[in-house]
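Chemist: Below you will find the structure I want to go over with you.
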Amino acid sequence: MPYDLHLRVWRGDAGGGELHDFTVPVEEGEVVLDALHRVQQTQAGDLAVRWNCKAGKCGSCSAEINGRPRLMCMARLSLFDPADTITVTPMRTFPVIRDLVTDVSFNYEMSARVPAFLPRPREADGTHRMAQEDVDRVQEFHKCIECFLCQDVCHVIRDHDENKPSFAGPRVFIKYAELEMHPLDTNDRRDLLREQAGIGFCNITKCCSEVCPEGIHITDNAIIPLKERVADRSYDPLVWLGNTIRRRPRK
Amino acid sequence: MVDHEEHTYDVVVVGAGGAGLRAAIEAHESGARTAIVCKSLLGKAHTVMAEGGIAAAMGNVWSEDGWKVHFRDTMRGGKMLNNWRMAQLHAQEAPERVFELEEWGAVFDRTDDGRILQRDFGGHRFARLAHVGDRTGLELIRTLQNRAVRSRIDVYMECTVLRLLHAGGEGRSGRLAGVFGYWRESGTFLSLHAPAVVLATGGIGKAYQVTSNSWEYTGDGHALALEAGAELMDMEFVQFHPTGMVWPPSVKGILVTEGVRGDGGVLRNSEGRRFMFDYIPEVFASETADSEEEADRWYDDKKTARRPPELLPRDEVARAINSEIKAGRGSPHGGVFLDIASRRPADVIRRRLPSMYHQFKELADVDITKESMEVGPTCHYVMGGIRVDADTAAASVPGLFAAGECAAGMHGSNRLGGNSLGDLLVFGRRAGRYAAEYAAALPKRTRPSVDPAEVEAVRSVALAPFGRDPTANPYTVHAKLQRVMQDLVGIIRTESELQRALDELAELRAEAAVVGVEGHRQFNPGWHLALDLTNMVRVAECIATAALARRESRGGHTRDDYPKPDPAFGAVNHVLDLHGGVLRLRTEPLPQMPDELRTLFDAPVAKAPDAPAVPTPAVPVPPTAGDFERVVQQRSS
C-alpha cells in the first residue's frame, strides 16, 4: 500500500554533517534505495548515493540502515513499520566523501597485497582437472560481491583507524582463503597472513558473517581454517623444533 | 584544489567491465603503458550481472560440438546479419579465452571427471556455456580484476569520460590524442593523453524504462565515438530479454537468467498452457520439439529428441511472451509464468540457480522451488554499436578501438545468450592487442597532441548546468526519455510511432541541453545525470532513426507494419554517422562470407547426429582420447 515514508539521511562531507529529514511517497514492494532515489528526483538532486545494479549483485550501495550495515537495494521497506522513521547513514568504518558515499580504497589496497593465484601446470591433455567437491568451498568465497559490509562491521577496524595498517579485514581473509584452498594454487600465504594481514586480531565474534548479504560463512569457513593453518605453521612446537634443528631457512 | 590533472599513456581503456579489463590486460601484456577509466568502483561493472555463462565450444559435455557448430548457431541466431568474420573468430577463440580464465583463478562448475561443465542455453545446439552457478559474470569480472590489479595497471575509478580528443589541427577525421573527463568524487577534470583509446563502455539500457541494465548503461561509448567521427551500425537492434522480473514494481526489469529454462524451466500462460509450442518459426521448426513429451525428453536424450521451444533464440521468446500478454493470457502482474518448481527438485534448483532463488526470495517473497515466477520482456542488450574491423576491433577513426557491447557486428540482429561473455573476452583481447600495436608503431615525436581549445570547450559545456535553473531537472527529462523509448521504440514498432518518437526526441534534446543542477561539483548525482543525459538522447535518436529505416522485422527489431523479414534488408547493415551535427544514415552491403563457411548453412539439421553416446551434465562418463583431440584441435585452430 502506498504511504508516506519518513527518512532521516546523513548529509555532509569529510568536514562533518548531520541528519536531514525527508518525507517521500513509497509503494508496495519498494526498497530503501527506491526511497532515496525518489528523494534525489524530487527533493535533493545532489544527494550522493553510490549504487549500480539494484539487484544485490554488485555490492555498491552499502550503508547503515537504523545502524545495521545493509545493502540499500536489498532492504525492503516491508521490514519496517510504515509509522517508523528509517535512518540511513554512511558506513562508519570508512572516511566519508559525501553524504552516503564513503572512501573504500582501504579495501582495495589491502586486497592488492594478497599474493596472486599461481596455478600448477596443466595436465598432459591441456586441461585442469578439479572435482566439484574440491571447489565448492572456493566457490562459496567467490560469491563475495565486495560490498565491504563485513569490513564495516568488524570491530577491529570500526572506530579503530590505528589498526587499519596491520589488519586486512574479513573481506580480504576470504580472498586469502579462496586462494589457499584453491586446488590448483601453489603459493603459500601463511606467514603473510600472520605478519601483515593480522589474522590474529580477529577474535571470531562472527559479526562479519551476520551482515554478509551473500550468506558466506566468513568466520567458520574462511577465518577459522586460516587461523588453524597459520597456527600449524608458526606455533606448532614440533615444526619449530624441526625447523631449528635442521636450520632450514624459511622461504 | 587542482582543477585539471594530466597523465600520459600508450593505451587508455574506457570501461572496466569484461571487455575493458580484458583489453587492458592484453595491452599491458603487449608492453603498452595502459590505464583504465571507469564510472564505478572497480569490479562493479554491469558484467557482474551476467548470470548464465560463457558460450565456448569446448566440447566437454558434447564432443560433437566445435567452432563450426557454434558459428552456425550464432549466425542463425543473429538472422544472418552478423559480421561473419567476427562470428567465426568468436567461435574459434572463445574456448581458449575460457581456459585462460581458469589459468587466472576462475573456478567453473565441474563435470564428474573434473573438466569444465557446460550448460544448455537458447539457440545453442549443444550444452555449451561454461558457468559458475548463475553468477558467471561475477566470477569473470573478479578474475579479470585480480589479474589487472596484479599487473599494476592504473585504474581511474569513478571517473567519467566526456570527450575523445583529436590531435590538434587534424580535425574530426584526424587521429585520436587522448580522452578528457572528470572525477565523480571531486568533480575535477583530467586529461589522459594517449594515441590509442579502447571503448568498452557497454550498452544503452538506461534509455528505457524497463531494463535489466544498471545506471551506467547510458550509451557513453556510442555517443563518444559518434561525436569523434566514428560510425555506428545496426542500432535498430535492441534485445529485449524474454524474462525479466515484473513484480514488485521496484524490481521490474531485473534479469531472470535464461539458465532457468536451460535447466528445465518452462513458460506457461494464465491457462497453464506451454504456449511456446504455438510460436515456433519456420526457420527453427526442423530442430525444435513439437510435443511436450519430446521437449522434456531432450534434457537427457539429445540423440532422438529436439530442443524445447522455450530455448528458441531470445527475440522469438520475447515476442511470444509479448503476444500472450497482449492477448489477455498474462499473469496477474502483466507477465507470464516461468515454472521450474514443478519440474526440478528443490535442492537442484537451489544448487543450479542460487542467485535466482535468493533474488526472488528477498525481493518478491517468491520461493521459486515452490511457485512459478512472473516474468516479462526487459531491455537487455544492444546489438548495434561502433562499427569496427572484425580482426583488429579498430573503428574508422585512427587510434579508436571498441569491444564488447558498445561494438557492432558480432551478434547481427539478435544475440544468443552466453555469446556476450565470449564476445567481450575474444574482442576485448583483440582490441587491447591491436591498440597496443598501433601505439607502439607511432614514433615518439610524431605522437598526436591534444588541442587545448577543444579541452576548454568541453570543460565549459560540462560546467554549464550549475549556472542554470535547477527546476529544469535532469531526472525529469530522463524519465520522459525512458517513457518515449519504452512506448514508441520498444519491442514492437510502427512507422507512425517511430516518427513521433523522433519528434519527441528532438524536443528532449533541447530540454537536455538546458537542464540545471543544484549543489556543487563533489559527488553530485544530479550533475552526473545531466552529463550522461545527452549521450542517452543521442543514442535514442540513433535507435529510432535506424528502426524507422528498416522496413522489415528481423531479430531484435520487430515492425508491426512490416511483420516479415525482407531479403533486401537482410543484405544490408544500417550505418550512422554525424555530419555537421546532423545524424546521417546509409546502407552498406553485408561483407560476403567465403563459400566454405556458407556450406555450413546449406543443409538444415533435423536432429542431433547419431554419434556415440555422449554424457549429459547429469551423468557424465570418462572422456575418450578422441574428445581431447577435438578440444585441442579447436583450441589451436
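The values are calculated or read from the model by the stated rules, or taken from the named source; none is laboratory data. The shown structure was predicted, so the numbers you read here are calculated from the model rather than taken from an experiment. So basically every Cβ, Gly included, is an ideal-geometry build from the backbone, and we count neighbours across all protein chains shown.
Chemist: Determine if the range B:134-141 includes at least one residue that is over 24 Å from residue B:407 (Cα atoms), touching a residue at least 12 places away in the same chain (Cβ under 8 Å) and more than 9 Å from chain A (Cβ to nearest Cβ).
Modeler: yes
Chemist: OK, next. I need every pair where a residue in the range A:77-106 that is in contact (Cβ under 8 Å) with a residue 24 or more places away in the chain has its Cβ under 6 Å from the Cβ of a residue that is among the basic types (Lys, Arg) and surrounded by fewer than 15 Cβ atoms within 10 Å (Cβ to Cβ), sequence separation at least 6 or different chains.
Modeler: Filtered contacts from the range A:77-106: no entries.
Chemist: Take the range B:157-192 and flag every residue that is touching a residue at least 24 places away in the same chain (Cβ under 8 Å), assigned to a loop (DSSP other than H, G, I, E, B) and of a type outside the set (D, E, K, R).
Modeler: Residues satisfying the conditions are B:157, B:168, B:169, B:173, B:174, B:186, B:187, B:188.
Chemist: Just for the range B:271-290: of the residues that are small (Gly, Ala, Ser) and within 18 Å of residue B:343 (Cα to Cα), which one is surrounded by the fewest Cβ atoms within 10 Å (Cβ to Cβ)?
Modeler: Checked the range B:271-290; the qualifying residue surrounded by the fewest Cβ atoms within 10 Å (Cβ to Cβ) is B:272.
Chemist: Okay, next question. If you take the residues of the range A:195-205 that are free of Cβ contacts under 8 Å to residues at least 40 places away in the same chain and surrounded by fewer than 16 Cβ atoms within 10 Å (Cβ to Cβ), which of them is farthest from residue B:361 (Cα to Cα)?
Modeler: A:195
Chemist: Just checking, does the range A:162-177 include any residue being under 19 Å from residue A:93 (Cα atoms), of a type in the set (Gly, Ala, Ser) and either free of Cβ contacts under 8 Å to residues at least 24 places away in the same chain or surrounded by 24 or more Cβ atoms within 10 Å (Cβ to Cβ) (or both)?
Modeler: Checking the range A:162-177: at least one residue is under 19 Å from residue A:93 (Cα atoms), of a type in the set (Gly, Ala, Ser) and either free of Cβ contacts under 8 Å to residues at least 24 places away in the same chain or surrounded by 24 or more Cβ atoms within 10 Å (Cβ to Cβ) (or both).
Chemist: Oh, and also: Which ones in the range B:534-558 are part of a strand (DSSP E or B) and either under 23 Å from residue B:480 (Cα atoms) or not charged (D, E, K, R) (or both)?
Modeler: Matches in the range B:534-558: B:557 only.
Chemist: Now, a different point. Can you find a residue that is among the hydroxyl-bearing types (Ser, Thr, Tyr) and either outside any helix (DSSP H, G or I) or surrounded by fewer than 17 Cβ atoms within 10 Å (Cβ to Cβ) (or both) anywhere in the range B:559-576?
Modeler: yes
Chemist: In addition: May I ask you to list the residues in the range A:69-95 that are assigned to a strand (DSSP E or B) and either surrounded by 24 or more Cβ atoms within 10 Å (Cβ to Cβ) or more than 14 Å from chain B (Cβ to nearest Cβ) (or both)?
Modeler: A:69, A:71, A:85, A:86, A:87, A:88, A:89
Chemist: Taking the range B:62-102 as the search range and keeping residues that are hydrophobic (A, V, I, L, M, F, W, C) and within 24 Å of residue B:143 (Cα to Cα), which one is surrounded by the fewest Cβ atoms within 10 Å (Cβ to Cβ)?
Modeler: Top of the filtered list is B:89.
Chemist: Being under 20 Å from residue B:353 (Cα atoms), β-branched (Val, Ile, Thr) and either modelled with pLDDT under 95 or in contact with a Pro (Cβ under 6 Å, 6 or more places away or on another chain) (or both) narrows it down to one of B:304, B:257, so name that one.
Modeler: B:257
Chemist: Right, something else. Let me confirm something: among B:226, B:144, B:140, which residue is in a helix (DSSP H, G or I) and out of contact with any Gly (no Cβ under 9 Å at 6 or more places or on another chain)?
Modeler: Selected residue: B:226, the only one of B:226, B:144, B:140 that is in a helix (DSSP H, G or I) and out of contact with any Gly (no Cβ under 9 Å at 6 or more places or on another chain).
Chemist: Collect the residues in the range A:54-64 that are closer than 11 Å to residue A:33 by Cα and more than 13 Å from the chain's Cα centre (by Cα), keeping them in residue-number order.
Modeler: If the condition is that a residue be closer than 11 Å to residue A:33 by Cα and more than 13 Å from the chain's Cα centre (by Cα), then A:54, A:55 are the ones that fit.
Chemist: Shifting gears a bit: Residues that are part of a helix (DSSP H, G or I) and surrounded by 16 or more Cβ atoms within 10 Å (Cβ to Cβ): does the range A:238-245 have at least one?
Modeler: No.
Chemist: Mind checking which residues of the range A:69-94 are under 23 Å from the mean Cα position of the chain (by Cα), modelled with pLDDT of 95 or more and over 17 Å from residue A:51 (Cβ atoms)?
Modeler: A:87, A:92, A:93
Chemist: Okay, next question. Which residues, taken from the range A:137-182, are in a helix (DSSP H, G or I) and away from chain B (no Cβ under 14 Å)?
Modeler: Listed by number, the residues that qualify are A:149, A:150, A:152, A:153, A:161, A:162, A:163, A:164, A:165, A:166, A:170, A:173.
Chemist: Given the residues B:510, B:530, which is the only one that is out of contact with any strand residue (DSSP E or B) (no Cβ under 9 Å at 6 or more places or on another chain), among the aliphatic types (A, V, I, L, M) and surrounded by fewer than 20 Cβ atoms within 10 Å (Cβ to Cβ)?
Modeler: None of the others qualify; the one that does is B:510.
Chemist: Looking only at the range A:143-156, decide whether some residue is buried (at least 23 other Cβ atoms within 10 Å of the Cβ) and of a type in the set (S, T, N, Q).
Modeler: yes
Chemist: Let me ask another. From the set of residues in the range A:34-61 that are of a type in the set (Lys, Arg) and either surrounded by fewer than 21 Cβ atoms within 10 Å (Cβ to Cβ) or free of Cβ contacts under 8 Å to residues at least 40 places away in the same chain (or both), which is nearest to the other protein chains (Cβ to nearest Cβ)?
Modeler: Residue satisfying both the conditions and the ranking: A:54.
Chemist: Please verify whether the range B:24-31 includes one or more residues that are modelled with pLDDT of 95 or more, within 17 Å of residue B:405 (Cβ to Cβ) and under 17 Å from the mean Cα position of the chain (by Cα).
Modeler: Checking the range B:24-31: not a single residue is modelled with pLDDT of 95 or more, within 17 Å of residue B:405 (Cβ to Cβ) and under 17 Å from the mean Cα position of the chain (by Cα).
Chemist: Answer yes if at least one residue in the range B:123-135 is buried (at least 24 other Cβ atoms within 10 Å of the Cβ), assigned to a helix (DSSP H, G or I) and at pLDDT 95 or above, and no otherwise.
Modeler: Within the range B:123-135, not a single residue is buried (at least 24 other Cβ atoms within 10 Å of the Cβ), assigned to a helix (DSSP H, G or I) and at pLDDT 95 or above.
Chemist: From the list B:142, B:128, B:150, exactly one residue is touching a strand residue (DSSP E or B) at 6+ places or on another chain (Cβ under 6 Å) and of a type in the set (D, E, K, R). Which is it?
Modeler: Going through B:142, B:128, B:150 in turn, the sole match is B:128.
Chemist: Looking at residue B:39, is it within 20 Å of the chain's Cα centre (by Cα), without any contact (Cβ under 8 Å) to a residue 40 or more places away in the chain and within 12 Å of chain A (Cβ to nearest Cβ)?
Modeler: Taking the combined requirement at face value, the residue does not satisfy it.
Chemist: Does the range A:115-136 contain any residue that is within 17 Å of the chain's Cα centre (by Cα) and either farther than 18 Å from residue A:56 by Cα or facing another protein chain (nearest Cβ under 8 Å) (or both)?
Modeler: Among the residues of the range A:115-136, not one is within 17 Å of the chain's Cα centre (by Cα) and either farther than 18 Å from residue A:56 by Cα or facing another protein chain (nearest Cβ under 8 Å) (or both), which makes the answer no.
Chemist: The conditions are (1) in contact (Cβ under 8 Å) with a residue 60 or more places away in the chain; (2) under 30 Å from residue B:591 (Cβ atoms); (3) out of contact with any Pro (no Cβ under 6 Å at 6 or more places or on another chain), and residue B:564 fails exactly one of them. Which is it?
Modeler: So residue B:564 meets the others, but not (1).
Chemist: Condition first: among the charged types (D, E, K, R), closer than 15 Å to residue B:559 by Cβ and part of a helix (DSSP H, G or I). Now tell me which residues in the range B:470-499 satisfy that.
Modeler: Listed by number, the residues that qualify are B:495, B:497.
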